[in-house]
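Asker: Have a look at the structure that comes next, please.
The values are calculated or read from the model by the stated rules, or taken from the named source; none is laboratory data. What you are looking at is a predicted structure, and each value in this text was computed from that prediction instead of being measured. So basically every Cβ, Gly included, is an ideal-geometry build from the backbone, and we count neighbours across all protein chains shown. Note: accessible area is taken over every heavy atom of the protein model, side chains too, but ligands, DNA and RNA are not part of it. Shrake-Rupley method; radii C 1.70, N 1.55, O 1.52, S 1.80 Å.
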Amino acid sequence: TAAILRNIFGEENVLEHHSNIETENERLKLATENWDYPIIVTTNVQLFESMMASHSSNCRKLHNICNSVIILDEVQTLPTDFLQPIVDILDTYQRIFGVSVLFTTASQPILEGNHQGTNPSIVLRGLKNIKEIISPQAKLHERLRRVKLDFDESSQTYDNIATRLKQYNRVLCIVNTRRDAKEIFDRLPKEGICIHLSRMMCPAHLSEKIKEMKDALANPQNEIIRVVSTQLIEAGVDIDFPVVYRQEAGLDSILQAAGRCNREGKLPICTTHVFSLSAEHPLPRGYITQCNNARQNMTKVNDWFSPDAMTDYFHQLYSRIQSFDKKDMQYYLYNKQGLMLETAAKKFQLIDDSTIPVIINWQDSLSILKQLKLEGPSYGLMKHLSQYSVNLRKYDLERMQKDGIVEEVFEGIYVAFGPKQYDKNIGLLTDNQWLEETYII
């Protein structure tokens, strides 16, 4: 997105600010702190956590949001656990600071009016007077139709799905977990261009593979291109496949996957196939299951792509939500004892990430790590190394430490040194490759 905007408005008018961006340029560092550019490209996390911040270093950019236009792309990805404080923030900035907010997505959530959760005391108090830019009479979902959905109600195994994918030369398969992506990818023949994408790959590796995929799709001489990915590809990655397979999920995720099918509209109506895996491979408990249940409980759906279907879906989903304010921001900001801004800022973490980053052996990561050992940890080095790290659950990390796969080189800084522990196609392997090879011998 930032690259496209720079091509339109010029490098001097666009500032990119998110966790993957690092710079040694002092002018750009200052601009990043102040958001002192006409156009800022950032993330939901950076935007809303800045708006809720209590320290001057994070707040000094906020004056530049006044009288601006905030474009929230893929607005359906806003976390429901924080939806009430997010809605309150947007309402405040719109009413008091002259901000206009534009919601853009192919799967528009319902953010206007009040919506009840799992019991009468759980209510999302939404925004007022949201205006559609495009009239419903335009029926763009019908005029721009490029794809249809095919729901397969039978349970499938990894082998079944791999066999079905092999029938197509160009096909994309999107699943819900890293394990599912690896298992299906492993079963595909490694012919033509076969790509796996998941967060078991470090950010630098992912960027390289996504570029490889885009370049391959742009070349008609590449006959076979098969990609298996987790949900990371559903938003913000502009690709076009004639056939897409999507594991069962919420309607918003399914429509996002369908947006990667016949995206350019150069083909007749194409198909996105929605499938379920067998009981041995259940959906992850929690939000993904809630979303899938909400979709399955929709009734009388004549057109899955219609705005009415999306409204019905989000009504179903919101009725299953246990809290729209998980960290109780209402209490810290509006209680009778006064504002508790510092506490609120600490608790307002949109990504409640309990995983632990592990630095992997790929490209020049170990030379950067050597510099880290010589100079000690610094913001710049850790930022650089974050491009070569994979986040693991605590259980997996402890198991890998016990097996001698991962070492703690500094307090809280973990490294998987073994070159064979990081696969060029899959990413970080969490089992003990050395032991497996020993047993084979």
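Asker: Starting from the Cα of Val301, move 7 Å in the Cα-to-Cβ direction to define the label point; list residues of segment 107-121 whose amide nitrogen is under 18 Å from there.
Answerer: Backbone N within reach: 107-110.
Asker: A further question follows. If you take the C-alpha gyration tensor of segment 176-293, multiply each eigenvalue by 5 and take the square root, what semi-axes do you get, largest first, in whole Å?
Answerer: On the way: eigenvalues 106, 63, 37 Å².
Each semi-axis is √(5λ); the values are 23, 18, 14 Å.
Asker: Something else about it: Residues in segment 170-193, backbone N under 20 Å from the label point at Gln221 (7 Å along the Cα-to-beta-carbon vector): list them, ranges by number please.
Answerer: 170, 191-193, by backbone N distance to the label point.
Asker: Okay, next question. Expected output is a single nm value to one decimal: the length gained when fully extending between Arg393 and Asp159, i.e. 0.36 nm times separation in residues minus the C-alpha distance. What is it?
Answerer: 81.5 nm
Asker: Next question. Quote the relative contact order of segment 30-72 in percent (integer), defining contacts as alpha-carbon pairs under 8 Å separated by 6+ residues.
Answerer: Numbers: 20 pairs, mean separation 20.6, N = 43.
Reported as a whole number, the value is 48 percent.
Asker: State to the nearest 20 debye the size of the charge dipole of segment 175-305 about its Cα centre, where the only charges are +1 on K and R beta carbons and -1 on D and E beta carbons. Kindly include the intermediate steps, with their values, before the conclusion.
Answerer: Details: 17 positive and 16 negative charges, 51 e Å.
Dipole magnitude for segment 175-305 comes out near 240 debye.
Asker: Counting Lys +1, Arg +1, Asp -1, Glu -1, what net charge surrounds Val147 among other residues with beta carbon under 15 Å of its beta carbon? If you can, show how the numbers build up before the last one.
Answerer: Working: positive: Arg143, Arg145, Arg146, Lys148, Arg170, Arg246, Arg260, Arg263, Lys266; negative: Glu142, Asp150, Glu234, Asp240, Glu264, Asp303.
Here the count lands on +3.
Asker: Ok, one more. Amide H neighbours of Ile71 under 5 Å, counting only residues 5+ apart in sequence or on other chains, H built in-plane at 1.01 Å?
Answerer: Close amide H contacts, sequence-distant or interchain: Leu102.
Asker: Around Val358, which amide H atoms from residues at least 5 apart in sequence, or from another chain, sit under 5 Å from its own amide H, with H modelled in the peptide plane?
Answerer: For Val358, whose amide H was placed from the backbone, the distant partners under 5 Å are Val390, Asn391, Leu392.
Asker: With runs of 4+ DSSP H residues as the only contributors, calculate the mean residue ellipticity of the chain at 222 nm using -39,500 (n - 2.57) per run, divided by the residue total and rounded to the nearest 500.
Answerer: On the way: 18 runs with 158 residues, N = 441.
For the chain, the value works out to -10000 deg cm²/dmol.
Asker: Using per-residue counts of other Cβ atoms within 10 Å, averaged over each peptide, order 226-235, 369-378 from highest down.
Answerer: 226-235, 369-378
Asker: Rounded to whole Hz and in sequence order, give me ³J(HN,Hα) for segment 420-427 from the Karplus expression 6.51 cos²θ - 1.76 cosθ + 1.60, θ = phi - 60°, writing x for Gly and Pro.
Answerer: Along segment 420-427, the couplings run 7, 7, 10, 8, 5, 9, 8, x Hz.
Asker: Next question. Summarise the accessible area of the chain (1.4 Å probe, protein heavy atoms) by the percent that is carbon and sulfur.
Answerer: Values: 11840 of 23680 Å².
That share works out to 50 percent.
Asker: Next question. Set the bar at 29 Å for Cα to Cα. Now go through Lys139/Lys182; Lys148/Lys327; Lys347/Lys373; Lys347/Lys383 and name every pair that lies beyond it. The partial results should precede the final answer.
Answerer: Working: Lys139/Lys182 39 Å; Lys148/Lys327 40 Å; Lys347/Lys373 33 Å; Lys347/Lys383 23 Å.
The pairs that break the limit, which is 29 Å between Cα atoms, are Lys139/Lys182; Lys148/Lys327; Lys347/Lys373.
Asker: Then there's this: If I take R0 = 35 Å and measure r between the Cβ atoms of Gln322 and Arg95 in this structure, what FRET efficiency does the formula 1/(1 + (r/R0)^6) give, to the nearest 0.05? Write out the running numbers ahead of the final one.
Answerer: Values: r = 29 Å, r/R0 = 0.82.
Rounded to the nearest 0.05, the efficiency is 0.75.
Asker: Would you mind computing, in nm to one decimal, how far apart the modelled labels at Asn425 and Lys190 are, each placed 7 Å from Cα along Cα→Cβ?
Answerer: Result for the modelled spin labels: 0.4 nm.
Asker: Tabulate in residue order the Karplus-calculated ³J(HN,Hα) for segment 120-132, using 6.51 cos²θ - 1.76 cosθ + 1.60 with θ = phi - 60°, rounded to whole Hz; enter x for Gly and Pro.
Answerer: Going residue by residue, I get x, 7, 9, 9, 8, 8, x, 6, 10, 6, 6, 10, 6 Hz, with x marking Gly and Pro.
Asker: What is the set of long-range amide H partners of Arg246 at a cut-off below 5 Å, with H atoms built 1.01 Å from backbone N?
Answerer: It is Ile174, His273, Val274, Phe275, by chain and number.
Asker: What spacing in nm lies between the two simple spin-label points modelled at Gln137 and Ser386, each 7 Å away from Cα in the Cβ direction?
Answerer: 4.9
Asker: If you don't mind, there's one more thing I want to ask. Kirkwood hydrodynamic radius for the chain: how many Å is it when counted over pairs of different Cα atoms?
Answerer: Details: mean 1/r = 0.0414 Å⁻¹.
Across the chain, the inverse of the average 1/r is 24.1 Å.
Asker: Taking the alpha-carbon centroid of each part, what is the distance from segment 54-118 to segment 369-395 in angstrom?
Answerer: Using only Cα atoms to place each centre, the spacing works out to 32 Å.
Asker: A further question on this structure: Probe of 1.4 angstrom, ligands and nucleic acids ignored: what's the accessible area per residue over the chain, in square angstrom?
Answerer: Details: 23680 Å² over 441 residues.
Normalised by residue count, the accessible surface of the chain is 54 Å².
Asker: I've got another one for you. Please find the FRET efficiency linking Glu33 to Glu208, where r is the Cβ-Cβ separation and R0 is fixed at 41 Å, and quote it to the nearest 0.05.
Answerer: Details: r = 30 Å, r/R0 = 0.72.
Computed FRET efficiency for Glu33 and Glu208 comes out at 0.90.
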